[in-house]
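What follows is a short report on a single structure.
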Amino acid sequence: MRWSTRGKYLKIVMTACTLAGCGARSRPVATAAKNSGEALSPATPSVLLIGTSLTAGYGLDPHDAWATRIQEKVDSARLGFRVINAGVSGESSADALHRIDWLLSQGAPAVVIVETGANDALRGAPVDSIRTNLDSTLSRLDQRQPRPVIIVAGMEALPNLGRQYGEAFRGIFPAEARAHHDRYLPFLLDGVAGIPALNQGDGIHPNATGSRRVAENVWQLLEPILDSLHRMRHDSL
């Protein structure tokens with residue numbers, strides 16, 4: 001799935017960038033997705049989501065954010081993880097790097113999903129700087145003991161930036177995942193981006209239905225990881 005090449009869509013996307021604050025970073029927050037099952041203890045292992053407005057659930061009721069949908073799936077499968085949504089609207093890859101230490105100081109996540117770079121691409125930031133920021137963020141995560149399982153979410157650049165930029169940007173994410181021996185999710189918005197019925201009026205942020213599709217994309221990779229960790233944790237008790 002690739003971003004739409006239609007001129008109208010590009011115009012909508014750039015308008016959405018302005019409305020969502022793509023050029024300005026929001027106040028950092030890290031909140032747990034609402035748990036639909038029994039209360040979780042502070043010792044409950046967590047899944048930390050680091051991302052932009054696409055992860056934060058911009059324009060959605062918190063219940064409809066894909067982070068909450070993932071929590072519901074976790075609860076339904078009785079895997080016993082707490083999903084922490086630390087997405088921030090407008091965040092760049094440099095912003096993510098700057099707050100990674102603070103986020104990690106709040107606890108020791110079992111799994112970390114890193115979704116970054118979309119706002120950099122909207123501003124046409126140099127690919128090398130995005131790669132460096134992501135590499136440094138993943139290096140900080142590598143240093144954690146115990147080291148969490150890390151998932152790098154892939155992203156696409158808009159076609160108005162040119163084919164060369166788009167290919168270089170797309171290549172950042174699988175390359176960094178390989179370099180750090182991390183898991184790779186090819187495209188967070190696969191099956192959602194560019195489809196009007198699955199996006200809000202701004203044309204870029206998933207609506208409630210699109211958010212469910214994003215959750216499915218993530219869950220296909222995340223479920224076996226959590227299941228394995230759950231079994232290991234259970235066997236060690």
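The values are calculated or read from the model by the stated rules, or taken from the named source; none is laboratory data. Here the structure is a predicted model, which is why all the values come from computation and not from measurement. Heads up, the Cβs are rebuilt from the backbone with ideal geometry, glycines too, and the neighbour counts pull from every protein chain shown.
Observations on the model:
- Looking only at region 88-138, and only at residues there that are among the hydroxyl-bearing types (Ser, Thr, Tyr) and at pLDDT 95 or above, the one that is farthest from Pro174 (Cα to Cα): Ser89
- Qualifying residue in region 85-92 (condition: among the hydrophobic types (A, V, I, L, M, F, W, C), within 13 Å of Ile50 (Cβ to Cβ) and in contact with a Pro (Cβ under 7 Å, 6 or more places away or on another chain)): yes
- Where strands (runs of 3 or more DSSP E) fall entirely within region 111-188, those with at least 1 residues that are closer than 30 Å to Pro224 by Cα and without any contact (Cβ under 8 Å) to a residue 40 or more places away in the chain are at 149-153, 183-185.
- When Phe187, Phe169 are checked against the criterion of being under 18 Å from Ala96 (Cα atoms), of a type in the set (Phe, Trp, Tyr), touching a Gly at 6+ places or on another chain (Cβ under 8 Å) and surrounded by 14 or more Cβ atoms within 10 Å (Cβ to Cβ), Phe169 stands alone in meeting it.
- Checking each residue in region 67-99 for being over 16 Å from Arg131 (Cα atoms) and of a type in the set (A, V, I, L, M, F, W, C) picks out Ala67, Ile70, Val74, Ala77, Leu79, Phe81, Val83, Ile84, Ala86, Val88.
- Some residue of region 140-161 being modelled with pLDDT under 95 and out of contact with any helix residue (DSSP H, G or I) (no Cβ under 9 Å at 6 or more places or on another chain): yes
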